[in-house]
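The values are calculated or read from the model by the stated rules, or taken from the named source; none is laboratory data. Owing to the predicted nature of the structure, the values given are computational and were not obtained by experimental measurement. Using ideal geometry, Cβ is built from the backbone for each residue, glycine included, and neighbour counts are taken over all protein chains shown.
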Amino acid sequence: MLTEFLSYPLVAVFFLLGVLVFVHEFGHYITAKIFHVGVETFSFGFGPVLISKKFFGTLFQVALIPLGGFVKLAGSYEGEPVPKEYEGAELFRAAPWKKIFILLAGPAFNFFLAAFIYASLFSVGFKKLDSVVGLVKKHSPAEQAGLLSGDRLLSLGGKSFNTWEDMSELISQSPGKILTATYERFGQEYETKITPETFFVPSHKGGEEAVGRIGIAPIFWPPIVSVSALESIAYRLGLRTGDVVQSVSYKENGSKKLFEENISAWHELEFFLAKILNKDLREVFFQVKRASDLELVSIPFELTVNEKKKFLLLKDTSFFSSFLGLRSSELTVLFEGEGESSSSFLKNHDIIIGFQGEKIQDIFDLEKIVEENKSSLGSLTVLREGKEISFDLPLKGVERQLPSGSELFYVLDVSFLAKGVSLPYRVEKADSLFSALSFGVAETYNMSIKFCESLWGLVVGRVPLASLGGPILVAKTASDSIKMGFEVFFIIMALISINLGIVNLVPIPLLDGGRIVIVTIEWIRGKTLSLEALENFQKIGFVLVFSLFILAMYNDLSRFWASAIQDFVGMGK
């Protein structure tokens, strides 16, 4: 219930920014108190005041617009009228270094908050995917190195790991390098050589950077069967498209013992069929779950004499589609509800084998072509009851959000019979308070460096101005992260807190960084700037900050258009 309530974009962004603003302003407040500087007002939000109450000599208030806040320090400049209770505690009387500390405290507390969030999450434990090979792309470096689905990678280039995240980072950092890979298969360790393929992707610093890829994905296909033809062996045996293989049972030659193996993924079914190649098994049965039956269906794997002779001549697992007529269901069309597309081109259980003139062997091939497709008309080739059929059909236009703005591309508006199943995960957690705090500080530092690199790229023009985001983007990000779980939400909160801290240190008047520059100039000069100079600085700062806000809002509207506005206020949910 709470998750659903917080997932409304307006609620999510108010909660997110509310925490960040309170922490930032509390940093200014508590440091001013420590240095005996009067604090007149602590405001959460801008605009008309909704409620207010005075505590510890400060008026705490909540204003109508909760997209910011401020702390009003007494006597910011000499000659400014202050209430009698703050006389002698004005800011202008404080030593310059105290003023700088007060100004730095806001951003510093944002960094403290981020470190605290990271440390707390690490104390509870992060869920991280195991370094298990999921899908393997055909003709990829992983396939060429002999890796199979289900293998557990242990090390690359002499560096050990046990999570997908660490493994992926090593691969990404090694484009074109020959690496020695150690992996585990059925309890045995093996070694192979693998060279990550080089790809160029957008960099957070601006421009592009080279990264390595080996052609694996962190999902498995479930053991859902697709039968390619009515004349196939699989169909004759009794298997039907949509059957889910739950387990297999068999006896080994010369043994009366009945063995049973559970099947939870397609590659496990492939391994079992490969076992039939290498061992003389008998009384083999598939236990399958079929939508039309309440109980499991037991299907015997019985080949004719001629089929068995051909079967035993096979040297690898490439027989699945060509010999048995059996294949995974990653490209098998599923129409839920009506059962068929309204266009009547595609039919339920069609198997996609070609798109836009390109051969499709797996989901990787289809994904690559779709990502590059700009045509609203699709040329499709499918396998229907063993026959190849080609036709054109209209595609669905979808907006893709990029840092530089939105981009329109066209996709097949269909679902597939097989939905990817995530890899198993492990929980990594801190073994002591020190390790949790160390992790929190290190993660905050690393994220700060990356954001500074992005900010510098923006200044020098390597990162486009269109990548700036405003409150609508923050609202959507907050809402989407809540839907993904509180761990993701708090990670996003930490990232935005770091961003807020760094942005406030930028030397623009109105921001903490700009005010620090002014205090430093006054410190060097040995006297304060004139009121007129301060007002001019404030005007410049207002123009710059307001211009950036307008640009960010324009970018948000360019990205999301009217649908984003509806989502922002919680409509259309």
- Residues that are charged (D, E, K, R) and more than 38 Å from the chain's Cα centre (by Cα), drawn from the range 508-528: 522, 525, 527
- Given the conditions (1) more than 30 Å from residue 487 (Cβ to Cβ); (2) out of contact with any Asp or Glu (no Cβ under 6 Å at 6 or more places or on another chain), report the number of the one that residue 92 does not fulfil. (2)
- Residue list for the range 447-464, filter: under 22 Å from the mean Cα position of the chain (by Cα) and either of a type in the set (A, V, I, L, M, F, W, C) or at pLDDT 80 or above (or both): 447, 448, 449, 450, 451, 452, 453, 455, 463
- Would you call residue 460 within 19 Å of residue 166 (Cβ to Cβ), loosely packed, with under 15 Cβ neighbours inside 10 Å and touching a residue at least 40 places away in the same chain (Cβ under 8 Å)? no
- Item | Those residues of the range 301-342 which are exposed (fewer than 14 other Cβ atoms within 10 Å of the Cβ), closer than 22 Å to residue 265 by Cα and modelled with pLDDT of 80 or more, in sequence order | none
- Message: Residue under question is residue 269, and the condition is that it be touching a residue at least 40 places away in the same chain (Cβ under 8 Å), surrounded by 23 or more Cβ atoms within 10 Å (Cβ to Cβ) and not assigned by TED's automatic domain parsing to the domain that holds residue 349; does it hold?
- Response: yes
- Item | Unique match (being surrounded by 18 or more Cβ atoms within 10 Å (Cβ to Cβ), of a type in the set (Ser, Thr, Tyr) and closer than 21 Å to residue 509 by Cβ) among 43, 76 | 43
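Residue-by-condition table, conditions (1) surrounded by fewer than 17 Cβ atoms within 10 Å (Cβ to Cβ); (2) over 30 Å from residue 504 (Cα atoms):
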residue: 107; (1), (2): no, no
residue: 110; (1), (2): no, no
residue: 118; (1), (2): no, no
residue: 136; (1), (2): no, yes
residue: 167; (1), (2): no, yes
residue: 193; (1), (2): yes, yes
residue: 198; (1), (2): yes, yes
residue: 211; (1), (2): no, yes
- Task: Say whether the condition of being part of a loop (DSSP other than H, G, I, E, B), hydrophobic (A, V, I, L, M, F, W, C) and without any contact (Cβ under 8 Å) to a residue 60 or more places away in the chain is met by at least one residue in the range 242-258.
- Result: no
- Note on the structure: Scanning the range 195-212 for residues that are out of contact with any Ser or Thr (no Cβ under 8 Å at 6 or more places or on another chain) and within 22 Å of residue 162 (Cα to Cα) gives 195
- Residues being buried (at least 16 other Cβ atoms within 10 Å of the Cβ) and either modelled with pLDDT under 70 or hydroxyl-bearing (Ser, Thr, Tyr) (or both) - total across the range 522-573: 10
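For every residue, the table says whether it meets (1) at pLDDT 90 or above; (2) within 30 Å of residue 195 (Cα to Cα); (3) surrounded by fewer than 18 Cβ atoms within 10 Å (Cβ to Cβ).
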site: 52; (1), (2), (3): no, no, yes
site: 64; (1), (2), (3): no, no, yes
site: 89; (1), (2), (3): no, no, no
site: 142; (1), (2), (3): yes, yes, no
site: 151; (1), (2), (3): yes, yes, no
- In this structure, does residue 174 turn out to be touching a residue at least 24 places away in the same chain (Cβ under 8 Å), closer than 30 Å to residue 310 by Cβ and either surrounded by fewer than 18 Cβ atoms within 10 Å (Cβ to Cβ) or not charged (D, E, K, R) (or both)? no
- Message: Within the range 110-130, does at least one residue satisfy the condition of being in contact with a Pro (Cβ under 9 Å, 6 or more places away or on another chain) and among the acidic types (Asp, Glu)?
- Response: yes
- Taking residue 72 as the residue in question, decide whether it is modelled with pLDDT of 80 or more, under 26 Å from residue 514 (Cα atoms) and either in the same structural domain as residue 490 (by TED's automatic domain parsing) or assigned to a helix (DSSP H, G or I) (or both). no
- Among the residues of the range 177-194, write down those that are among the polar types (S, T, N, Q) and farther than 9 Å from residue 152 by Cα. 180, 188, 192
- Task: Kindly provide the set of residues from the range 110-152 that are over 21 Å from residue 429 (Cα atoms) and of a type in the set (A, V, I, L, M), ordered by number.
- Result: 133, 135, 136, 142, 145, 147, 148
- Please tell me if residue 254 is more than 30 Å from residue 154 (Cβ to Cβ), of a type outside the set (S, T, N, Q) and either loosely packed, with under 14 Cβ neighbours inside 10 Å or not assigned by TED's automatic domain parsing to the domain that holds residue 166 (or both). yes
- Query: Can you name the residue in the range 361-392 that is part of a strand (DSSP E or B) and polar (S, T, N, Q) and, of all such residues, is nearest to residue 328 (Cα to Cα)?
  - Reply: 381
- Task: Those residues that are closer than 30 Å to residue 265 by Cβ and part of a helix (DSSP H, G or I), I need them from the range 82-136; list them, please.
- Result: 121, 124
- Among what's in the range 349-380 and is among the polar types (S, T, N, Q) and farther than 27 Å from residue 134 by Cβ, pick the residue that is surrounded by the fewest Cβ atoms within 10 Å (Cβ to Cβ). 375
- Looking only at the range 416-446, which residues are more than 30 Å from residue 327 (Cα to Cα), β-branched (Val, Ile, Thr) and under 19 Å from the mean Cα position of the chain (by Cα)? 427, 444
